[in-house]
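The values are calculated or read from the model by the stated rules, or taken from the named source; none is laboratory data. A quick note: this is a predicted structure, and the numbers were derived from the prediction, not measured. Positions of Cβ are generated from backbone atoms using ideal geometry, with glycine treated the same way; all protein chains shown enter the neighbour counts. Only protein heavy atoms, including side chains, enter the accessible area calculation; ligands, DNA and RNA are left aside. Shrake-Rupley method; radii C 1.70, N 1.55, O 1.52, S 1.80 Å.
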Amino acid sequence: MIKLPSQVAEYFPYDSVRPHQDEFITTVYNAVASKRSVLIEGSNGLGKTISALSAILPIAIEKKLKILYVARTHRQHDRVIEELRAVFRKHQVSGLSIRGRNEMCLNVFASRGAFDSKSLMEVCELLKAKSRCPYYTNVEERTYDYMQLQQQVASRPYMGSEIQRICKKKEVCPYELVKAGLSDVKVIALSYLYVFDPAIRTAFLKNLETELQKIILIVDEAHNLPETAISISGSTLSLFVMRAAEMEAARFGHKDIEDFAFFFRTEVEKITDKVSREEIISAKTIIEIIQKKGNIPRPREFFEHMHEAGAIIKKALLADGKNPRSYVHAMSEFLLKWFDTIEDDSFINVASRYFNKENNKTAKLEIVALDPSKITQPVFSSTYATVIMSGTLQPLEAFAKITRLPESTVKFVVPSPFPKEHVFSAVSLGVTTSMDKRTPQMYQTMVERINEVVNSTPTNTGIFA
């Protein structure tokens with residue numbers, strides 16, 4: 001017998017619930033119905049995806065809100081669509097799992113040349129502006145076909161991979177199709193970056209034609225969120241990029257930037273030469289070196305000048321039929337962030353030495369974020385409500401504190417369906433995945449340990465690597 005609120009039971013697609021699943025669903029429903037966020041832990045196998053969806057769908061539909069379901073992997077995104085298809089048999093709810101521009105892009109020139117999502121976004125915008133992408137041009141020229149595709153996408157739950165296959169056949173841009181369909185879709189499954197990276201979020205919400213206040217956010221596998229937030233806030237500048245920026249500036253006639261890149265690389269080499277592995281350094285010291293030794297009295301103005309020069313270089317490269325990647329631009333963005341976070345105690349600055357892929361010794365500067373709430377709090381304080389869930393979140397108070405969840409957040413741990421006496425935990429000594437210990441002997445030891453467990457367990461065994 002399903003023990004669920006009547007509104008939720010209309011959307012829950014299965015005939016029975018798993019042990020404690022009804023507690024999970026009811027907790028989420030009651031919290032979101034009262035416009036409160038919920039931090040909830042439930043064991044693997046509980047059915048958290050359909051539980052969260054069926055709990056908030058009636059509220060989202062009644063209040064005309066969007067549901068964003070963020071998770072780390074494409075498999076998790078597609079799982080959302082699979083569950084929505086089960087719901088669809090009872091209620092015609094639309095949904096999309098979307099992938100990054102770099103994975104949806106059909107333009108070989110753009111996708112091969114870009115080394116990250118941000119650079120691909122810049123390449124894409126430049127190609128569109130110059131009418132150099134046939135897939136985008138077809139969007140504008142094949143209006144009727146494109147409108148039919150839009151209606152198709154908004155009619156039922158679709159996976160990103162399905163959208164890509166349809167668009168490849170029709171020779172139109174899948175990213176543009178998804179972008180155009182976002183405003184008509186109720187549930188969107190996507191990566192953390194779309195919501196938590198400030199620059200990406202701004203562009204995404206514009207395409208969504210809504211604001212965070214009209215969104216119910218589900219954060220799945222939320223134990224990964226603090227680390228992801230810190231990664232978003234950080235930045236790196238290697239000797240390779242400095243050298244490449246120097247050569248690029250010389251090639252495009254920016255003598256002042258060429259001289260600065262050479263000077264700065266030389267100074268960083270001196271600093272890192274004294275570092276054995278990595279070391280915290282003073283951000284102000286670097287700026288003082290630039291001012292005094294580099295004879296640049298107003299560093300931020302010079303970094304902005306580099307940024308503008310980098311933008312011009314990008315356009316020039318594209319006009320020449322080359323990938324518009326600018327190392328000058330990349331170096332300037334790092335230095336602007338370095339300057340702007342000098343007084344911010346939630347960042348530290350690190351110099352480190354390491355071996356590159358060619359096994360040559362090199363070095364880099366890093367801006368390391370310490371406080372994930374810089375990224376998470378602006379989101380959590382703005383949504384209609386947020387469901388933060390995982391199989392491993394305890395202690396909940398600590399997670400709520402480091403991500404700065406609202407004070408009103410409901411915190412709940414769903415009891416495990418597995419009796420404690422049925423769970424045996426053991427630690428195997430003498431094995432490690434540390435990079436420098438990954439030897440044939442270590443792998444052989446791992447195999448032996450796994451064999452010991454398998455041969456001593458009188459039932460099926462799962463091995464996760």
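For the pair Phe240 and Tyr443, what calculated FRET efficiency results from E = 1/(1 + (r/R0)^6), where r is the Cβ-Cβ distance and R0 = 35 Å, to the nearest 0.05?
Between Tyr443 and Phe240 the formula returns 0.65.
If you look for lysine pairs in the stretch 48-182 that are eight or more places apart or on different chains, how many of them have Cα atoms under 26 Å apart?
Pairs that pass both the separation and distance tests number 26.
Longer than 19 Å from Cα to Cα, which of Lys270/Lys293; Lys284/Lys401; Lys3/Lys186 are they? Say none if no pair is.
Pairs exceeding the cut-off: Lys284/Lys401; Lys3/Lys186.
Return the distance in nm (one decimal) between the two label points of a simple spin-label model at Lys255 and Lys361, each offset 7 Å from Cα along Cα→Cβ.
3.6 nm
From the cross-link list Lys357/Lys437; Lys206/Lys357; Lys214/Lys411; Lys255/Lys364, which pairs have alpha carbons spaced over 28 Å apart?
Among Lys357/Lys437; Lys206/Lys357; Lys214/Lys411; Lys255/Lys364, the Cα-Cα distance tops 28 Å for Lys206/Lys357.
Roughly how tilted is helix 255-273, in degrees to the nearest 10 and between 0 and 90, from the longest Cα axis of the chain?
With rounding to tens, the tilt is 70 degrees.
For Asp184 and Phe109, compute 0.36 nm times the residue count separating them, minus their Cα-Cα distance, and round to one decimal in nm.
Full-extension gain reported as 23.9 nm.
So how much slack lies between Leu370 and Ser346, counting 0.36 nm per residue of separation and subtracting their Cα-Cα distance, in nm?
Going from the current span to full extension adds 8.1 nm.
Which label marks the calculated value of Rg/Rh (Cα atoms, Kirkwood Rh), given the options (i) 0.95; (ii) 1.01; (iii) 0.97?
(ii)
Starting from the Cα of Ser155, step 7 Å along the direction of its Cβ; do the same at Ser456; then give the gap between the two resulting points in nm.
About 5.8 nm separates the two model spin labels.
What would the Debye formula give as log10 I(q)/I(0) at q = 0.13, 0.16, 0.18 Å⁻¹ for the alpha-carbon point model of the stretch 261-362, no solvent?
Log10 of I(q)/I(0), two decimals: -0.58, -0.84, -1.00.
With r as the distance between the Cβ atoms of Gln213 and Lys90 and R0 = 30 Å, compute the FRET efficiency 1/(1 + (r/R0)^6) and round to 0.05.
0.55
Compute and list, largest first, the equivalent-ellipsoid semi-axes of the stretch 3-69 from the alpha carbon gyration tensor, each √(5λ) rounded to a whole angstrom.
Those come to 18, 14, 11 Å.
At a Förster radius of 22 Å, what calculated FRET efficiency corresponds to the Cβ-Cβ distance of Asn44 and Val431, to the nearest 0.05?
Working from the Cβ atoms, E equals 0.40.
Can you give me the relative contact order of the chain as a percent, contacts being Cα pairs under 8 Å and 6 or more apart?
Averaging sequence separation for qualifying contacts and normalising by length gives 22 percent for the chain.
Round to a whole number: what % of the accessible area of the chain belongs to carbon and sulfur, probe 1.4 Å?
Exposed carbon and sulfur together represent 51 percent of the surface.
Which of rounded, prolate or oblate describes the stretch 323-451 when judged by the alpha-carbon gyration tensor and an a/c cut-off of 1.5?
Oblate is the answer for the stretch 323-451, as a/c is 1.5 or above yet b/c matches or exceeds a/b.
Counting only heavy atoms of the protein chains, get the accessible area per residue of the chain (1.4 Å probe) and round it to a whole Å² value.
In whole numbers, the chain has 53 Å² accessible per residue.
Percent of alpha carbon pairs in the stretch 1-137 separated by more than 18 Å?
63 percent
Over 18 Å, how big is the tail of the calculated P(r) for the stretch 91-215, in percent of all Cα pairs?
Considering the stretch 91-215, 52 percent of its Cα-Cα pairs are separated by more than 18 Å.
What is the helix-to-structure angle for 117-129, meaning the angle in degrees between its Cα long axis and the longest Cα principal axis of the chain, kept from 0 to 90 and rounded to the nearest 10?
80 degrees
What is the spin-label model distance, in nm, from Ile463 to Thr202 if the labels are put 7 Å beyond Cα along the C-beta direction?
With each label point 7 Å from Cα toward Cβ, the separation is 4.9 nm.
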